[in-house]
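> My questions will all concern the structure given below.
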Amino acid sequence: MAVIERTEPAPGIALLTLNRPDKLNAMTAELVQSLHDHLDAIAVDPEVRVVVLTGAGRGFCAGLDLGGYGQAPHTEHLGRTQAGFAVQQHIASLMPKLRSIPQPVISAVNGPAAGGGFALVLGSDVRLAARSAKFNAAFIRIGLSACDIGTSWVLPRLVGAARAQELMLTGRVFEADEAYRIGLVVDLVDDHSLMDCALTKAHEIMRNTPFGVALTKQGMWSALEIPAMQNAIDLENRQQIMASATADHREAMAAFLERRAPNYTNS
């Protein structure tokens, strides 16, 4: 059984399902590496416009499998400290991986998302939740820091520093309705409607050009790190000129004026 299942629920959409339902899709070295591999393949796949990430069964991802993660790849020769550090890097590098691929990632949170699973939600570009979803920064509850896998950087930027500090210092579990209220997720739906909601959102994204979407994803993430507005405007100006030189821009303009569906070729 594949620990990550890739399917195509509609043209242009890659659905990645974390597939260890008996363990609430907890992270092992095999699952993390498989997710890395799938994201690498999707990044260069011209047929994929949007990624939807979800979990099999009744949970999204319970975080690190405390029953045994396994070894990070190519670390058999390392000492204990070095091997432990390699495991940390193996998991944490999923965050920049989610950010770096050109396709937007929609997390469809179908149940508990704790620890590393919470981080996967934070690293996605669009976050949707079923009413059964629950979240927490679980690392602090097992004697570690809540600052892990990019959480200390992303969470304050999504919900504000004050809320992030309370959620990370307590490690408390919070429900889907609170996640929606504080802006962590953008839609809250009944469990049976979650995948339809994710696919609808994916199709909304695909109305736009592949290059424009990729530039927007890149620009928004970069803007979170840029210290001044003028720096962000300088980046935006370059993106607009780049996009205006594409055939897809001309097609989008023509389709809008002619009131028809566009035919994008990513050229």
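> Which count do you get for residues in the range 133-150 that are part of a loop (DSSP other than H, G, I, E, B) and more than 27 Å from His192 (Cβ to Cβ)?
Counting residues in the range 133-150 that are part of a loop (DSSP other than H, G, I, E, B) and more than 27 Å from His192 (Cβ to Cβ) gives 9.
> Suppose the filter is closer than 17 Å to Cys61 by Cβ and at pLDDT 95 or above; does Leu167 pass it? I'd like the intermediate steps shown before the answer.
Values: closer than 17 Å to Cys61 by Cβ: no; at pLDDT 95 or above: yes.
The answer is no for Leu167.
> Tally up the residues in the range 117-171 that are among the polar types (S, T, N, Q) and within 15 Å of the chain's Cα centre (by Cα), please.
Within the range 117-171, residues that are among the polar types (S, T, N, Q) and within 15 Å of the chain's Cα centre (by Cα) number 2.
> If you don't mind, there's one more thing I want to ask. Condition (residue is in the same structural domain as Leu18 (by TED's automatic domain parsing), more than 23 Å from Leu31 (Cα to Cα) and hydroxyl-bearing (Ser, Thr, Tyr)) applied to the range 162-177: is it met by at least one residue?
yes
> Taking the conditions exactly as written (out of contact with any Gly (no Cβ under 6 Å at 6 or more places or on another chain) and surrounded by 12 or more Cβ atoms within 10 Å (Cβ to Cβ)), does Gln218 satisfy them or not?
Details: out of contact with any Gly (no Cβ under 6 Å at 6 or more places or on another chain): yes; surrounded by 12 or more Cβ atoms within 10 Å (Cβ to Cβ): yes.
It is true that Gln218 is out of contact with any Gly (no Cβ under 6 Å at 6 or more places or on another chain) and surrounded by 12 or more Cβ atoms within 10 Å (Cβ to Cβ).
> Okay, moving on. Please verify whether the range 255-266 includes one or more residues that are within 30 Å of Val154 (Cβ to Cβ), of a type outside the set (Phe, Trp, Tyr) and not assigned by TED's automatic domain parsing to the domain that holds Pro46.
Yes, because at least one residue in the range 255-266 is within 30 Å of Val154 (Cβ to Cβ), of a type outside the set (Phe, Trp, Tyr) and not assigned by TED's automatic domain parsing to the domain that holds Pro46.
> Can you pull out the residues in the range 1-20 that are free of Cβ contacts under 8 Å to residues at least 12 places away in the same chain and hydroxyl-bearing (Ser, Thr, Tyr)?
Step one: of the range 1-20, the residues free of Cβ contacts under 8 Å to residues at least 12 places away in the same chain are 7-8.
The answer is Thr7, and nothing else.
The values are calculated or read from the model by the stated rules, or taken from the named source; none is laboratory data. Worth saying up front: this structure is predicted, and the values here are computed from it rather than measured. A quick note on method: Cβ atoms are made from the backbone with ideal geometry, for glycine too, and the neighbour counts reach across all protein chains shown.
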